[in-house]
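The values are calculated or read from the model by the stated rules, or taken from the named source; none is laboratory data. It should be emphasised that the depicted structure is a prediction, and the values quoted were computed from it without experimental measurement. Every residue, glycine among them, receives a Cβ derived from its backbone with ideal geometry; neighbour counts consider all protein chains shown.
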Amino acid sequence: MDFKSKLLNDAVEQMSSLPGIGKRSALRLVLHLLDQSEKEVKDFTQAFENLKEHLNFCEKCFHITEKNLCEICSNTSRSDELICVVQDVRDLLAIESTQQFYGKYHVLGGVISPMDGIGPNDLKINQLKERIIKENTQEIILALPATMEGDTTNFYIYRKLHEVDVNITLISRGIGVGNQLEYIDELTLGKSLLDRSVYKNNI
């Protein structure tokens with residue numbers, strides 16, 4: 001798509017750079033914003049500026065937070081002995097929505113993917129090991145996507161922790177291969193947590 005207006009072109013380009021938004025959807029959203037009042041558009045942009053300025057990552061689990069520690073890590077009613085390892089914040093939110101998990105989380109920030117130039121040192125794996133040792137964690141649940149990259153990351157973590165006294169479990173493979181956690185319904189995801197198995201039995 002090419003418009004006579006450079007301003008419109010630039011706005012559509014920026015909007016279509018967001019995940020899952022094509023040029024036609026971007027145009028529709030941009031035209032919708034043009035129909036809004038000046039105050040509404042300012043409020044819209046201000047919300048994102050505030051988000052970028054004031055949101056941080058939890059210094060313990062790397063979930064998003066407005067403080068040093070997120071609400072989950074600060075919640076003393078949640079178990080420190082159980083950590084669920086996830087790829088990103090979207091997966092954390094998906095698991096939280098099941099209301100079946102009462103431990104803490106650790107957000108890796110991705111999965112090992114040589115094709116994308118992402119190696120173990122690009123993820124929060126070393127921090128996970130340090131945390132497990134420091135907090136005397138009893139079990140970690142590997143809840144990464146059922147993909148080649150997810151499986152590679154699971155195995156790397158397993159090898160990384162082989163000298164650490166911690167139980168390593170894997171969410172049930174009832175979840176289809178290639179599926180991302182955020183797209184799985186709450187009932188299925190909750191059951192996969194409850195039906196988790198010892199990781200080394202799945203190698």
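Could you list, in sequence order, all residues of segment 126-148 that are more than 26 Å from Gly190 (Cβ to Cβ), β-branched (Val, Ile, Thr) and surrounded by 15 or more Cβ atoms within 10 Å (Cβ to Cβ)? Steps first, answer last, please.
Let us first name the residues in segment 126-148 that are more than 26 Å from Gly190 (Cβ to Cβ), namely 126-127, 129-130, 133-134, 136.
In the following step, the residues that additionally are β-branched (Val, Ile, Thr) were identified as 133.
Within segment 126-148, none qualify.
Per-residue answers, yes or no, for (1) of a type outside the set (Lys, Arg); (2) under 16 Å from the mean Cα position of the chain (by Cα); (3) closer than 21 Å to Leu193 by Cβ:
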position: Cys84; (1), (2), (3): yes, yes, yes
position: Gln99; (1), (2), (3): yes, no, yes
position: Lys134; (1), (2), (3): no, no, no
position: Ile141; (1), (2), (3): yes, yes, yes
position: Leu144; (1), (2), (3): yes, yes, yes
position: Asn154; (1), (2), (3): yes, yes, yes
position: Val164; (1), (2), (3): yes, no, no
Exercise. Does Thr152 satisfy the criteria of being at pLDDT 75 or above, surrounded by 19 or more Cβ atoms within 10 Å (Cβ to Cβ) and not aliphatic (A, V, I, L, M)?
Worked result: no
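For segment 25-59: of the residues being out of contact with any Phe, Trp or Tyr (no Cβ under 8 Å at 6 or more places or on another chain) and among the polar types (S, T, N, Q), which is nearest to Asp88 (Cα to Cα)?
Of the residues in segment 25-59, the ones out of contact with any Phe, Trp or Tyr (no Cβ under 8 Å at 6 or more places or on another chain) are 25-32, 34-35, 37-59.
Going one step further and asking which of them are among the polar types (S, T, N, Q), we end up with 25, 37, 45-46, 50, 56.
Values: Ser25: 26, Ser37: 35, Thr45: 25, Gln46: 25, Asn50: 21, Asn56: 14 Å.
The extreme case among them is Asn56.
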For this session: Could you tell me which residue of segment 65-108 is surrounded by the fewest Cβ atoms within 10 Å (Cβ to Cβ), considering only residues that are small (Gly, Ala, Ser) and under 16 Å from Ile141 (Cα atoms)?
Result: Ser79
For this session: Considering each of Leu34, Leu27, Leu93, Leu69 in turn, give the residue that is assigned by TED's automatic domain parsing to the domain that holds Leu161 and either more than 15 Å from the chain's Cα centre (by Cα) or not small (Gly, Ala, Ser) (or both).
Result: Leu93
Exercise. Based on what the data block shows, is Leu29 surrounded by 14 or more Cβ atoms within 10 Å (Cβ to Cβ) and either in a helix (DSSP H, G or I) or out of contact with any His (no Cβ under 8 Å at 6 or more places or on another chain) (or both)?
Worked result: yes
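Could you identify the single residue in Gln36, Gln99 that is touching a residue at least 12 places away in the same chain (Cβ under 8 Å), more than 30 Å from Met148 (Cβ to Cβ) and not aliphatic (A, V, I, L, M)? So that I can check it myself, show each step before the final result.
Values: Gln36 fails: touching a residue at least 12 places away in the same chain (Cβ under 8 Å).
Exactly one residue qualifies, and that residue is Gln99.
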Exercise. What do you reckon, is Asp151 in contact (Cβ under 8 Å) with a residue 12 or more places away in the chain and not basic (Lys, Arg)?
Worked result: no
